[in-house]
1. What is the set of long-range amide H partners of residue B:6 at a cut-off below 5 Å, with H atoms built 1.01 Å from backbone N?
2. Between residue B:172 and residue B:46, what length comes free when the chain is fully extended (0.36 nm per residue of separation minus the Cα-Cα distance, one decimal in nm)?
3. Checking an interface number: how much accessible area is buried between B and A, summed over both chains, with a 1.4 Å probe, in Å² rounded to 100?
4. Before anything else, pin down the relative contact order of chain B: Cα pairs under 8 Å, at least 6 apart, normalised by residue count, whole percent.
5. Pop out the Kirkwood hydrodynamic radius of the protein assembly as shown from its pairwise C-alpha distances, inverse of mean 1/r, in Å to one decimal.
6. With runs of 4+ DSSP H residues as the only contributors, calculate the mean residue ellipticity of chain A at 222 nm using -39,500 (n - 2.57) per run, divided by the residue total and rounded to the nearest 500.
7. How many nm separate the modelled label positions at residue B:219 and residue B:108, each set 7 Å beyond the Cα in the direction of the Cβ?
8. Using r as the Cβ-Cβ distance of residue B:21 and residue B:138, and R0 as 35 Å, what FRET efficiency do you calculate, to the nearest 0.05?
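The values are calculated or read from the model by the stated rules, or taken from the named source; none is laboratory data. Just so it is clear, the model here is predicted, and its values are computed rather than measured. Cβ coordinates were reconstructed from backbone atoms using ideal geometry, including for glycine residues, and neighbour counts include every protein chain displayed. Accessible surface is based on the protein model in full, side chains and every heavy atom, while ligands, DNA and RNA are left aside. Shrake-Rupley method; radii C 1.70, N 1.55, O 1.52, S 1.80 Å.
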Amino acid sequence: MSNFMAQWVYSPVVKDHFMNPRNTWSEEEHFEADGVGEVGSLACGDQMQVLIKVENDRVADLRWLTYGCASAIASTSMMSELAIGMTLEEAYFLSPERITEALGGLPEHKFHCSVLGDKALRAAIDDYLKKNGKPNPWQSQVAKVICECKQVTDIQVEELVKSKEATTLEELEKLTGYGTVCGKCKPQMALLFDQLQHLYHV
Amino acid sequence: MEQTIIYLDNNATTPLHEDVIAAMNRANELYGNASSMHAMGREAMEAIEESRQAVRDLIDAPEGSIVFTSGASEANNTVFNLFRERIDLGSKRNRIVTTTIEHPSIIEMVAHLRELGYTIDLCPVDHTGRVVMEEMEKLMGDDVALVSVMLGNNEIGTIQPVKEIALLAHHHGAYVHTDATQAIGKIPVSMEELGVDYLSLSAHKFYGPKGIGVLAIRKGVPFAPFFHGGHQEGGKRAGTYNNTAIVGMGVAARIAREELEEESARLWKLREMLREGIEASIPNVVVNGSRDYCLPGTLDVSFPRAEGESILLYLDLEGIMVSTGSACASGSLEPSYVLLASGVDIELAHGSIRFSFGRYNTEDEVHYVLEKLPPIIKRLREMSIR
Ligand code: FES
């Protein structure tokens, strides 16, 4: 348990988006998505789904669902407002910083764990491109989150393996905390680690 | 329009009782240093001794056992520190046993001591948060110095079989401490009956002031002060007496004792009203903790597919104050260790809300909560991933 009063350090914009989230998905609407992306997990405490409609290589419309805290709800809501109308490329590189800025800031510790909207959006675009047999020129340019709970990305792991800071999975765990919350990322991390070891040191 | 405020976070802290406020206002005049020999000092000391007696009566503690501290955290730390000192001095009893669901002032002390190399075992609890006695038995031995088990849990309200544990531990020659902070004023607490050697409590959990508490120490058991530097409390705890707070605690203790039976029944009734109401109006909820061994005013509920911090903040907007075991609210990623230790699923832990009642809550307030809560859960679930 902890003290929550101190946490109402949310900006008025965050509060507004939390109380009146925009563009949430609802059954009755029969939203027909061209791409669907999902990130996070219930075990991590934040899970998010983004559905997009694409027209002329733009995000024509967007709906989302989330299980998460106030800042997860508010940041996804804000993401939806920013993303609608963007070209797919713009949307792909919509950063968490940009979302946070538009919200008028988030408490420091909220930034890392709860701003997942951009990642879900990216996953939705990936899905759209894949479904339509289109090339995905951007995927290799962005870091992929392997451990959602601790927000450990493939790029981060690559650096640690390359520099030999992490020579075993145990060391990697110590350095990044991956796998210490829900644990679901362990197999994937082990695989990635093996591949990288192979790539750099064998 | 006046904003409704429904305070259901009494396990976190309680408001001051009006009689406590009045007594403390008067006690502010008692500026004499209670350790001084002159009239002003004696007057302050008299008030302090009166409070000491009131606390002693409240917990049915042996003569000469009450030592004032800044609260239960200090009292808990004092006990662990004193056994650490004994271990340092070469005691053959060099192991401490406690549980996985203690208050952070013990859990974090344990982590710290372990880092320094001390051996501390944590007894697991069952799915209701109760100590598993067979496991406790397995942890006993002639190398155990101290067994520390809280009486009532702050988060899920589970009451521990402290009396049985004390018997068992004493049988193996270990000393026994209980953190009774949450139980005071809610269930009868008798140090004699429990048979423990050390007991911690804090005034602000029973309508007394913050920053004052007690460590009760049975005569003849080991002791070493945590604070050095004065002869107050027979050398057991240095520091000038906080006259006002001690007087406030004394009054709170007297009221808690006088009204215990009635208050306990009232809290349980409110708790059950809310529990039944929630179960009747919201599908798919899980009540955490123990049905049979529960502090009367505590209700901890998990709402699958609705996240705790969001529930808390939506309730806050309606003027209802609760707390949550959700990780998000604490700024960490791990949800409540108490729930996880009780084998509660991690997802359920994220969606847990603690309602804790106190003397100023009413049935009308329960109705108000039952009106506001279901739509909040429904709304969050609609927004949540299926
Ligand atoms: S994804 Fe949960 S621990 Fe890595």
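1. B:320, B:321
2. 41.3 nm
3. In total, this chain pair buries about 3000 Å².
4. 23 percent
5. Over the protein assembly as shown, the inverse of the mean reciprocal pair distance is 26.4 Å.
6. -13000 deg cm²/dmol
7. Result for the modelled spin labels: 3.7 nm.
8. 0.10
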